[in-house]
Amino acid sequence: MRRRETARPPWGLVALALMGSIFFALPLIGLLARVPWSEITTVLGSSATLDALRLSVTASLAATAISLLLGVPLAWILARVEFRGRGVVRGLVVLPLVLPPVVGGAALLFALGRSGLVGRPLYEATGLVLPFSIWGLILAVTFVSMPFLVVTAEAGFRNLDRRFETAAAGLGAGRWTVLRRVTLPLAFPSLLAGAVLTWARALGEFGATVTFAGNLPGRTQTLPLAVFVSLEGGDPAAEVLSLLMVAISLLVLVALRNRWLGVG
């Protein structure tokens, strides 16, 4: 078997690429150097950490479920249906990816706060106040994380081989049967990748959360917020919790590199 030959890269590009790699690795190295390894068990077992972890997991899983419920149909429509204003809808979907999270949280507050556009009539009708509650926390993390599901799922739907769906329809399968038995199974890898990315993004959300849901220990304080509070107080828990978040994010990216990042 003939060995594949690869061109030797220019040394200048290698040097710059190495510098780029070091730039990304250096903060992680600095974090590892500061972690109080002897206190990891104590920090991770504390009630404050467990409360923050519980809220982070609860909110991120809820955000993922909501994103699947609403985002998959939206992704299918964007991928398969041509309609006037589709570009605007897609832009609105992608907007939270580039919008500063604090601005997203403020926008949620203006719309869903107690005196907001929707929040005021909602409060007057039901007495429900979304900000500074678990429901506000879930809404905030869903707003910033759902785009990952929609973008990934839309790409998956668009790249499917439509011949399988056409064949199923030709054999007498209805539209819902084709969707359930053919389209969704074929798109499952993309849907799974989008769901995992959504969960990871929701788990690490900070700006929209602190703006819309606040930073109430045991109520809306998630792991990223606990890291921020620990950093302000010089608590060694900041390094431990930061390491935990980095480990989770790195594991997700490594696991999904073939599906989402397009590399081997």
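Read the figures in this text as sums done on the coordinates, not as results from a lab. Note that the structure is a prediction, hence the values are computed from the model and not measured. Here Cβ is always computed from backbone atoms with ideal geometry, including for glycine, and neighbour counts include all displayed protein chains.
Based on alpha-carbon positions alone, could you give the equivalent ellipsoid semi-axes of the chain from the gyration tensor, as √(5λ), descending, whole Å?
Here the semi-axes work out to 35, 31, 17 Å.
Any idea how far apart LEU16 and VAL103 come out in nm if each label point goes 7 Å out from Cα toward Cβ?
3.0 nm
Quote to one decimal, in nm, the extra length available between ASN159 and LEU171 on full extension: 0.36 nm per residue of separation minus the C-alpha distance between them.
2.1 nm
How long is the gain from THR42 to VAL81 if the chain were fully straight, where each residue apart is worth 0.36 nm and the alpha carbon distance is subtracted?
That pair, THR42 and VAL81, stretches by 8.7 nm at full extension.
Please list 211-224, 240-253, 143-156, 26-39 highest first by mean number of surrounding beta-carbon atoms within 10 Å per residue.
143-156, 211-224, 240-253, 26-39
Take every Cα pair under 8 Å in region 54-222 that's 6+ residues apart, average their separations, divide by the length, and report that relative contact order as a whole percent.
Relative contact order here is 40 percent.
In whole Å, what is the distance between the alpha-carbon centres of region 193-249 and region 120-151?
A separation of 18 Å, based on Cα centres.
Calculate the spin-label point distance for LEU184 paired with SER115, positioning each point 7 Å from the Cα along the beta-carbon direction, and give it in nanometres.
4.4 nm
Pop out the ³J(HN,Hα) list for region 185-202 in order, Karplus 6.51 cos²θ - 1.76 cosθ + 1.60 with θ = phi - 60°, rounded to Hz; leave Gly and Pro as x.
Coupling constants for region 185-202: x, 5, 8, 4, x, 5, 5, 5, 4, x, 5, 5, 5, 4, 4, 5, 5, 5 Hz.
Explain nothing, just compute: Karplus ³J(HN,Hα) = 6.51 cos²θ - 1.76 cosθ + 1.60, θ = phi - 60°, for every residue of region 50-58 in order, whole Hz, x for Gly and Pro.
5, 5, 5, 5, 4, 5, 5, 5, 4
How would you order 108-119, 82-93, 131-142 from highest to lowest mean count of nearby Cβ atoms within 10 Å?
Order by mean packing, descending: 131-142, 108-119, 82-93.
Taking the chain as a Gaussian network, where each spring joins two C-alpha atoms under 10 Å apart, which residue of GLY105, GLY172, GLY233 fluctuates the most?
Result: GLY172 has the largest fluctuation of those listed.
Which semi-axis lengths, in whole Å and largest first, follow from the square roots of five times the eigenvalues of the Cα gyration tensor of region 134-251?
Each semi-axis is the square root of five times an eigenvalue, giving 41, 15, 9 Å.
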